[in-house]
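For reference, the structure is listed below as structure tokens.
The values are calculated or read from the model by the stated rules, or taken from the named source; none is laboratory data. Only a predicted model underlies this, so the values are computations on that prediction, with no experimental measurement involved. Heads up, the Cβs are rebuilt from the backbone with ideal geometry, glycines too, and the neighbour counts pull from every protein chain shown.
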Amino acid sequence: MDPDAFYRLAASLNDTDAMRRQITAALSTLQNSFKDAYFPALQEAAERQRISAMEHPPKEVTLLRALSAFADPQDRQRLEQLAGTWLRIHSMQNIGTLCRSLTQRNDLIAARSAEDTPQTSPLSAQAVQMAGVLLALTLWEQS
């Protein structure tokens, strides 16, 4: 290798500020790409889950809301906060149930694909778990 070319390579690698800027730009591009590709779907799924939880609250939330009607203003606020927390916990449980159900369905799809029957592609358990975690985090952030 030409010593001058090697020197220029070493000098460019020695410039940590330039390398830091390039890494920052690459990470920013990756972050924006992720936001564009996945964030709208996560927001939509979280909103659907939130609406479903509000329309079909667990009986404990219904009871807390009913009790809040008879409480003084300070206790009413506490009961509403408790009901909101319970609703989020219930939503997280629903997401966990959905993940388990989807994983079991995918196990069935994978078993069927071994039999050479027409099927849809099974999802990996890791993809299902990651979707569940991202949905739960998005839902929690919206609350």
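Once the stretch 31-86 is narrowed to residues that are among the hydroxyl-bearing types (Ser, Thr, Tyr) and either under 20 Å from the mean Cα position of the chain (by Cα) or surrounded by fewer than 16 Cβ atoms within 10 Å (Cβ to Cβ) (or both), the residue that is nearest to GLN142 (Cα to Cα) is THR85. Would you mind stating whether ALA41 is without any contact (Cβ under 8 Å) to a residue 40 or more places away in the chain and not in a helix (DSSP H, G or I)? For ALA41, the condition - without any contact (Cβ under 8 Å) to a residue 40 or more places away in the chain and not in a helix (DSSP H, G or I) - is not met. Any idea how many residues of the stretch 46-60 are under 15 Å from ALA83 (Cβ atoms) and of a type outside the set (Asp, Glu)? Of the residues in that region, 7 qualify. Of the residues making up the stretch 76-98, those that are touching a Lys or Arg at 6+ places or on another chain (Cβ under 8 Å) and either at pLDDT below 90 or among the hydrophobic types (A, V, I, L, M, F, W, C) (or both) number 2.
Does PRO58 count as more than 24 Å from MET130 (Cα to Cα) and in contact with a His (Cβ under 9 Å, 6 or more places away or on another chain)? Yes: the conditions hold for PRO58.
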